[in-house]
Amino acid sequence: MIPESFKQELLDRVDIVALVSRYVKLRRSGANYLGLCPFHAEKTPSFTVSPAKQFYHCFGCGAHGNAIGFLMAYSGLGYVEAVKALAESAGLRMPERAVSPQAAARRRRETELLPLLERALAFYRAALKDSPRAIGYLKTRGVSGETATRYRLGYAPPQRQALREAFADYDAPALVAAGLVIEAEGRRYDRFRDRIMFPIHDARGAVVGFGGRVIGEGEPKYLNSPETAVFQKGRELYGLLQAREAIRAAGRAIVVEGYMDVLALAQHGVGCAVATLGTATTPAHVSRLLQLADEVVFCFDGDAAGRKAAWRALEVSLPLAADGKTIRFLFLPEGEDPDSFVRARGGQAFERMVGAAQPLSAYLLAELQAGLELSSAEGRSRLVARAAPLLQRIGGPVLRLQIGREVARLAGLAPGEVERLVAAPGAAAARRAAPQRAPALAVSQERNLLRCVLSKPALLERVEPELLDPALPESAVLRALREEPAAGARAAVLVERFRGSAFEPVVADAMAAAIDAGLDESAVEEEFAQIVLALRIRRKQEEVRALTERVKLEPALAAELNRRVRELHELKAQRA
């Protein structure tokens, strides 16, 4: 667990405007900075970065957070990875954490292997420049020099131990652990030989593995690095590092099957394509892409193998098919792949195909009906039997309901009958809940008070917890901040304390309101005083109402009631 004190120091040192400016063109707008949101397509800037609060908020899509949150959302890094990356950029040393011997060994492996893979890539890239044969092959495949440079392509020479030129200690065990060298029967040789080399990068941009495409004849046509301490095929996607910007701009990611497909599409203006690494689509692939875009399009060959791969992708996607997200399936004409299609017909023709791709719902319903005779009771029964377990797995409740009603129509049943089948015992456990957008929060004085505190954290000391409505979540947030104050902490630090908690949307809503209000410190002070006064008036009114009821039974309390009424009038007289 990362200590709160370290996170506070990190967020105090990192300038969120400088960080965001690396990826988003910002212009000053009053006290804040404004730009086009990197998380959804927009023409009018609604993405606001506050240097005073060290927080960003998009008033178009609702994306929000501090420097850690931005790096996680933009780069797809995990929490610890994002903190580590920011710490390195700020010159801070990550605090040592108690880790298991296995985790410590894995970390040592990562430190040892990543530099080796980067050095191997430098060797392969230099070898490509010196190989007319490899350059000629890429030219015949339509790959330009610019594309080869952008995707850092290389070439593995045909010699069995060509990597000796890059590694003086060719016998080092780490070369085997990195997947660069194979050891068999006491002899060593390069894993990749006479192949075009495609480096595979992780979310941080580090080279974690390679794919190699044989030049000419040979098997296997494509060879990937084995699973290592830094490379898991089921988690990585080829080309994601280069495609990230295009994915955000288009609001769409296209998943293809081959490295050359990615390159060809990028050269023809379709830069939002990525490829799986010779493996079936995994939940990690889909989840990662849906974090970057609201739409994912799977593109497969139209043959039997392509159809099988598509169905696997559909099954994997069902729990992640949240309401508000779109998953589509595109099948190219038989005998075509994205590489051949786009080179023959161009990028615009491919984009038109993508635009006409089947939504998940249409593809699922078509496959469920395949081979069934729906004119018979048996065929309709079989349809429902096929559909029920798949419907149970759909993450988006509205999407599940819509598809379920269509199944009911095809089966000649009332919608409620299919819904009961889908909600059978065990269905809830099999179904993964889709993330829900937080409902609109009612504006209360407590919410306004929290907004002021986030605008000027020093005001936290002047919050009077006894005045707060205990039923409101903002009150719980303010009490928590009062109980564990962080002296001198900026708003971004206060927000960080609630990351992942039930109160995160409450804090984010108040922060967005603080940015939107755009008040200077003196105006915030004045508003804070007026809110506290309003809370005192509310409390005094509650006391007067309670005493008024008691006086009916206890006339002796009349004097106390009159005193409270005078106090109430005095408070009201202080209103600005």
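I'd like to verify a number: residues in the range 190-220 that are closer than 27 Å to Asp169 by Cβ, among the small types (Gly, Ala, Ser) and either assigned to a loop (DSSP other than H, G, I, E, B) or under 22 Å from the mean Cα position of the chain (by Cα) (or both), how many?
2
Which ranges mark the helices (runs of 4 or more DSSP H) fully within the range 418-488 that have 2 or more residues being modelled with pLDDT of 85 or more and either among the hydroxyl-bearing types (Ser, Thr, Tyr) or surrounded by fewer than 18 Cβ atoms within 10 Å (Cβ to Cβ) (or both)? Spell out how you get there, then give the answer.
Details: elements: 427-430, 445-455, 473-483.
In the range 418-488, the matching helices (runs of 4 or more DSSP H) lie at 473-483.
Would you check if there is a residue in the range 559-568 being hydrophobic (A, V, I, L, M, F, W, C), in contact (Cβ under 8 Å) with a residue 24 or more places away in the chain and either in contact with a helix residue (DSSP H, G or I) (Cβ under 6 Å, 6 or more places away or on another chain) or in a helix (DSSP H, G or I) (or both)? So that I can check it myself, show each step before the final result.
First pass over the range 559-568, keeping only residues hydrophobic (A, V, I, L, M, F, W, C): 559, 561, 565, 568.
Those still in the list that are in contact (Cβ under 8 Å) with a residue 24 or more places away in the chain too: 568.
Checking which are either in contact with a helix residue (DSSP H, G or I) (Cβ under 6 Å, 6 or more places away or on another chain) or in a helix (DSSP H, G or I) (or both) leaves us with 568.
There is at least one residue in the range 559-568 that is hydrophobic (A, V, I, L, M, F, W, C), in contact (Cβ under 8 Å) with a residue 24 or more places away in the chain and either in contact with a helix residue (DSSP H, G or I) (Cβ under 6 Å, 6 or more places away or on another chain) or in a helix (DSSP H, G or I) (or both).
In this structure, is Ile531 at pLDDT 90 or above, more than 17 Å from Cys452 (Cα to Cα), surrounded by 13 or more Cβ atoms within 10 Å (Cβ to Cβ) and not small (Gly, Ala, Ser)?
Working: at pLDDT 90 or above: yes; more than 17 Å from Cys452 (Cα to Cα): no; surrounded by 13 or more Cβ atoms within 10 Å (Cβ to Cβ): yes; not small (Gly, Ala, Ser): yes.
Spelling it out, it is not the case that Ile531 is at pLDDT 90 or above, more than 17 Å from Cys452 (Cα to Cα), surrounded by 13 or more Cβ atoms within 10 Å (Cβ to Cβ) and not small (Gly, Ala, Ser).
Results for (1) open to solvent by less than 50 Å² (accessible area, probe 1.4 Å); (2) under 12 Å from Val256 (Cβ atoms); (3) not aliphatic (A, V, I, L, M), shown as yes or no for each residue.
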{"position": "Asp303", "(1), (2), (3)": "no, no, yes"}
{"position": "Leu314", "(1), (2), (3)": "yes, no, no"}
{"position": "Asp323", "(1), (2), (3)": "no, no, yes"}
{"position": "Asp339", "(1), (2), (3)": "yes, yes, yes"}
{"position": "Arg345", "(1), (2), (3)": "no, no, yes"}
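When the range 259-281 is examined, which residues are found to be touching a residue at least 40 places away in the same chain (Cβ under 8 Å), part of a loop (DSSP other than H, G, I, E, B) and either in contact with a strand residue (DSSP E or B) (Cβ under 6 Å, 6 or more places away or on another chain) or surrounded by fewer than 19 Cβ atoms within 10 Å (Cβ to Cβ) (or both)?
Gly269, Leu277, Gly278, Thr279
For Val255, which of the numbered conditions (1) assigned to a strand (DSSP E or B); (2) open to solvent by 20 Å² or more (accessible area, probe 1.4 Å); (3) modelled with pLDDT of 95 or more fails to hold?
Among (1) assigned to a strand (DSSP E or B); (2) open to solvent by 20 Å² or more (accessible area, probe 1.4 Å); (3) modelled with pLDDT of 95 or more, the lone unmet condition for Val255 is (2).
Suppose we keep only residues that are charged (D, E, K, R) and within 22 Å of the chain's Cα centre (by Cα) within the range 16-42. Which one would you say is most open to solvent (accessible area, probe 1.4 Å)?
Lys25
Mind checking which residues of the range 1-30 are small (Gly, Ala, Ser), modelled with pLDDT of 85 or more and not in a loop (DSSP other than H, G, I, E, B)? If you could, list the steps in order and put the result at the bottom.
Step one: filter the range 1-30 for residues small (Gly, Ala, Ser), giving 5, 18, 21, 29-30.
Remaining after also requiring modelled with pLDDT of 85 or more: 18, 21, 29-30.
Within the range 1-30, Ala18, Ser21, Ser29 qualify.
Can you run down the residue pairs with Cβ atoms below 6 Å, 6 or more apart or on separate chains, where the first is in the range 18-40 and touching a residue at least 12 places away in the same chain (Cβ under 8 Å) and the partner is outside any strand (DSSP E or B) and among the β-branched types (Val, Ile, Thr)?
Listed pairs, sorted by first residue: Tyr33/Val17; Gly35/Val24; Pro38/Val24.
Picking from Glu560, Glu496, Glu554, Glu549, which residue would you name as being within 29 Å of the chain's Cα centre (by Cα), among the acidic types (Asp, Glu) and more than 19 Å from Glu464 (Cα to Cα)?
Values: Glu560 fails: within 29 Å of the chain's Cα centre (by Cα); Glu554 fails: within 29 Å of the chain's Cα centre (by Cα); Glu549 fails: within 29 Å of the chain's Cα centre (by Cα).
Answer to the selection: Glu496.
Between a first residue in the range 388-400 that is under 15 Å from Ile327 (Cα atoms) and a second residue that is part of a loop (DSSP other than H, G, I, E, B) and aromatic (Phe, Trp, Tyr), which pairs have beta carbons less than 7 Å apart while being 6 or more apart in sequence or on different chains?
none
Out of Arg538, Arg575, report the one residue that is touching a Leu at 6+ places or on another chain (Cβ under 8 Å) and in a loop (DSSP other than H, G, I, E, B). Before the answer, list the steps.
Values: Arg538 fails: in a loop (DSSP other than H, G, I, E, B).
From the options Arg538, Arg575, the qualifying one is Arg575.
Identify, please: which residue in the range 389-417 is open to solvent by 30 Å² or more (accessible area, probe 1.4 Å), among the aliphatic types (A, V, I, L, M) and within 33 Å of the chain's Cα centre (by Cα) and is, among those, farthest from Glu367 (Cα to Cα)?
Val398
Give the residues of the range 401-422 that are without any contact (Cβ under 8 Å) to a residue 40 or more places away in the chain and under 22 Å from Gly324 (Cα atoms), sorted by residue number.
Taking the range 401-422 and keeping what is without any contact (Cβ under 8 Å) to a residue 40 or more places away in the chain, we get 401, 404-405, 408-409, 411-422.
Listed by number, the residues that qualify are Leu401, Gly404, Arg405, Glu419, Val422.
The values are calculated or read from the model by the stated rules, or taken from the named source; none is laboratory data. This is a predicted model, so every value here is computed, not measured. Counting neighbours? That spans all protein chains shown, and the Cβs are built from the backbone with ideal geometry, glycine included. Note: accessible area is taken over every heavy atom of the protein model, side chains too, but ligands, DNA and RNA are not part of it. Shrake-Rupley method; radii C 1.70, N 1.55, O 1.52, S 1.80 Å.
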